[in-house]
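Everything below concerns the one structure shown next.
Just so it is clear, none of the values below were taken in a lab; they were calculated from the coordinates. Here the structure is a predicted model, which means the values were calculated and not measured. Positions of Cβ are backbone-derived with ideal geometry, glycine not excepted, and every protein chain shown enters the neighbour counts.
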Amino acid sequence: MIKKSFMEKLLDGVAVEWKALKEIAIKISSGGTPKTGVSEYYNGDIPWLRTQEVNFGEIWDTGVKITEAGLKTSSAKWIPANCIIIAMYGATVGKIGINKIPMTTNQACANIGIDENIANYRYVFHFLYSKYEYIKSLGTGSQTNINAAIVKEIQIPIPCPDNPEKSLKIQAEIVRILDAFTELTTELTTELTTELGLRKKQYNYYRDQLLSFEEGTTKDTKSTKGVEWKTLGEALVRTKGTSITAGKMKEFHKDGAPLKIFAGGKTTAFVNYEDIPFNNINREPSIIVKSRGNIEFEYYDKPFSHKNEMWSYHTKDKNINIKFIYYFLKTKEIYFQNIAGKMQMPQIATPDTEKFKVPLPPIEKQNSIVTILDKFDALTNSITEGLPREIELRQKQYEYYRDLLLSFPAQGESHG
């Protein structure tokens, strides 16, 4: 276990000198953007990095490639592997990355080639990572941008500056410890992505098999029992939304309140019953139709309401399991998304769902399918919830030891 005395022992009384990035760099540069809309400048084979791809890790590829013509007619330029990259503009300002292959970048990236005779580039990466909030605070303007002049002056602690060999040995030891933490987090993230992908494929396969019914016949494909087809308008009760502004939702929002209000996109609010200005509260398990933007269906079995841009369905028929219909509709989301895609703003209307036909096998069959799919859903969620918690704990552990290892004295002071 690393203790508070670790840095004293590692530094063994040596001085620490704070140097500006420009003093430990071979070169600090930014890139450029080939003129957009010129097809011959893009879809080439030259990696071209944008700041949205800089996210505190190693960068092995880019989402966009440019051509030699695009490179020559812009300020974009090649940088060697293992540069420290700092995002300078907008929402990603202050984020850090390391390019692991030679590449080009846009003008929003500050590209820092570290002098390996003075500093270990991964040591500099870890230190700058620890200063993310500080670097972000250096920004100015409405988008809080920083620039190359600001980047060049960021101070980096260099232990034992008069003995480069010892200094690099100290830096390498710090890197070894911190890299071990980041490697574990990376392994867990990869495990989560792989396992979750396999679980979802398995879930989708069995869901599609269980919900494979042949419209126009009286038999489902897996059973000899009859299946009735009805439109949603015939089978279910539709509830209209209510008019409430996003501002009102924020005003009424209270963490832990019992009633949930759905709005477009991911906007929701939890409110107390006495705070809401309307009475149409849904108390039945229901299917919520998210009808604009990203078209999807959501199942909710607690009291809720929703804005008038949405609608919901419930049932009073004991021979219908509403969750069975929800699972069936989830297999048809692409169909509704395709309908919505014909509009300038992706959107469906109530007739699109009202006239949509769904299969209704006997209630026993519906219940059985819901039970099976609930189990698959629980298995998928166990991965979705479990590993991220572990990753979060590992990340906090990394940050704790990083801050401990990089807690250097101020200029002119020494440990010991």
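Between D301 and L184, the simple spin-label model (points 7 angstrom out along Cα→Cβ) gives 3.8 nm. With springs only between Cα atoms under 10 Å, which of I170, I276, I24 fluctuates most in a Gaussian network model of the chain? Looking only at I170, I276, I24, the largest GNM fluctuation is found for I276. With contributions of -39500 (n - 2.57) from each DSSP H run of at least four residues, the per-residue ellipticity at 222 nm computed over the chain stands at -12000 deg cm²/dmol.
Under 20 Å Cα to Cα from K166, which lysines show up? Leave out anything in the same chain fewer than 8 places away. Candidates past the 8-residue exclusion: K9, K19.
Specify the inter-centroid distance of the range 79-128 and the range 302-339, based on alpha-carbon positions, in whole Å. Each part reduced to its Cα centre gives a spacing of 48 Å.
Debye-formula intensities of the range 288-375, expressed as log10 I(q)/I(0) at q = 0.13, 0.26 Å⁻¹, are -0.46, -1.40 (one equal scatterer per alpha-carbon, no solvent).
Can you pull out the GluC sites (Glu not before Pro) in the range 151-192 whose DSSP state is coil and whose Cβ has at most 16 other Cβ atoms within 10 Å?
Answer by residue number: E153.
Only Cα pairs under 8 Å and 6+ residues apart enter the sum, and on that basis the relative contact order of the chain stands at 18 percent. Computing FRET efficiency as 1/(1 + (r/R0)^6) for Q347 and T231, where r is the C-beta to C-beta distance and R0 is 22 Å, gives about 0.65.
Near M103, the amide H atoms lying under 5 Å from its own belong to I79; only residues 5 or more places off or on other chains count, and H is placed 1.01 Å from N. Annotation: amide H of K19 within the under-5 Å range of I156, I158, sequence separation 5 or more or interchain, hydrogens built in the peptide plane. Per-residue Karplus couplings for the range 46-60, computed as 6.51 cos²θ - 1.76 cosθ + 1.60 with θ equal to phi - 60°, are listed in order as 9, x, 10, 8, 10, 5, 5, 9, 9, 8, 6, x, 7, 10, 9 Hz, Gly and Pro entered as x.
Once Rh for the range 34-156 is found with the Kirkwood sum over Cα pairs, what is the Stokes-Einstein diffusion coefficient at 20 °C and 1.002 mPa s, in µm²/s?
Using the Kirkwood radius from Cα pairs, D works out to 145 µm²/s.
For the residue pairs K230/K323; K290/K375; K35/K65; K250/K290; K260/K302, alpha carbon separations beyond 18 Å are given by K290/K375; K250/K290. Enumerate the aspartates and glutamates that K307 could reach by cross-link, defined here as Cα to Cα under 18 Å, with residues fewer than 8 away along the same chain left out. Qualifying aspartates and glutamates at Cα under 18 Å: E251, E274, D275, E284, E296, E298.
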